[in-house]
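One structure is given here, and the rest of the page talks about it.
Throughout, read-outs are computed from the coordinates displayed, never taken from laboratory work. Note that the structure is a prediction, hence the values are computed from the model and not measured. Positions of Cβ are generated from backbone atoms using ideal geometry, with glycine treated the same way; all protein chains shown enter the neighbour counts.
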Amino acid sequence: MSTQPPLTLLKLATQSLLKDKDLAMGAVELLPGELFPPVFMEAFSRGHTEALKAMVLSWPFPYLPLGALMNRRDPQTSDTEVEVMEVEKRMLQAVLDGIDVLLSQKMCSRRLKLQVLDMQDKHSNFWRVWAGNKLEACSSSEAMKTRNTEKSGPRAAEKQPLTVIVDLELSHECLYLFQSYLLKWVQQRKGLVQLDCPKLCIKAADIQSIIEIIEILNLDSVQVAKLADRWTLSTLALLTPYLIEMKNLQTLIISDISVPEFLSSTELEQLLTQITSQYCKRHHLEKVCIDSLPLVTQCLLRMYSPV
C-alpha cells in the first residue's frame, strides 16, 4: 500500500495544464502571481523547457532563485552524474533563452520585472511560500537592496543590467557544466548582464583562464575569497590587483603558498614587498587566514590584515 499523500488539487491542476503545451503557453500570461512559483517548480521538475521559457517572459517578481530550485530537484536513481548535469544545463538554457528574449526586446521597466537571477544554493523559502507579502519578503536579498530602481525612476531602471548571482570554484577540474554554460552566456552579453560572485574559491589552474573569468565578475560583490592548493608567489602577484578591487571583501583565505628553493630570504622578502606595495590596507576585512611558510605568512598578514 502506498504511503505517499494524495496530490493536492493545485498539483493536479498544474500537471494537467502542463500536459497540454499549447494550453500552457497561452495560460502563462493569465496566471496570477501567487501561482507562478508552484507552476514553475512543476515545469522545472518535469522538464517542460518551453513552459519555463514562457514563464520567464512573464515572471512577476524581481527575483528568481533558480539555484535553490536546482538543488531541490530529485534526480532519478538511475541517472548518472553526467545525465544530471545535462538536465541542469537544459533547464538553465531554457531560463536563459527566456531572459534573452527580454533583453533583446528591451521591454519597458513596467513589463520587465525580473532583475536578479540567483544561482546560489540558498533562499529556498521562496519556493515554499506561494502567495502575498511573504513571497515578496522572500525576494528581498542583499542584491535586491543594492538595486533600488523604484527611487531612481523608470528611466534609470531601464539602464540597470540584469544581475546574475553565483558562487564559483575555479580549479584544475572543469567547472560544473551549468556554470561553464552560464559564464559563457554572461561573457557574450557584456553590458546587459552583471555577474555577482559573493564567494570565490580559486585553486591552482591555468592562471590566464582564471583571470579571464575574474575580469567578467563584478568585483565589488565578492565578500569571501579563498586562494588554495599550491599557489606560487608570482601567481599571487598577478591576482593582487584584482584583490585590491574587491572593495567589499570581508574574508580572505590564502593557503599553500609555495616558494622556489633557489630564492634566498632577502630575495623572498623583496618579492613579497613588491607584492604588498600594490595593496592598500583594507579596513573592512573581518577575517584573514594564511597558511604558509613563516616568513611568507608574516609578510602576507602585514599586507592583508585589517588595521
Would you please give the residues with an amide H less than 5 Å from that of Ser258, counting only those at least 5 places away or on a separate chain, with H modeled from the backbone geometry? Trp231, Thr232, Leu233
For a footprinting-style exposure proxy, rank Asp22, Asp196, Asp121 by other Cβ within 10 Å, fewest first. Asp22, Asp121, Asp196
What list of ³J(HN,Hα) couplings, whole Hz, do you get for region 28-38 from phi and the Karplus terms 6.51, -1.76, 1.60, once you set θ to phi - 60° and write x for glycine and proline? 4, 5, 9, 5, x, x, 5, 8, 4, x, x
Would you please give the FRET efficiency between Asn125 and Lys19, computed as 1/(1 + (r/R0)^6) with r the Cβ-Cβ distance and R0 = 35 Å, to the nearest 0.05? 0.75
Kindly put Phe262, Phe44 in sequence by how many other C-beta atoms sit within 10 Å of each C-beta, fewest to most. Phe262, Phe44
Which of Lys89/Lys122; Lys19/Lys113; Lys199/Lys247; Lys122/Lys226; Lys21/Lys53 have a Cα-Cα distance over 22 Å? Lys19/Lys113
Stretched out fully, how many nm does the piece from Ile211 to Thr80 gain, at 0.36 nm a residue minus the Cα gap? 44.0 nm
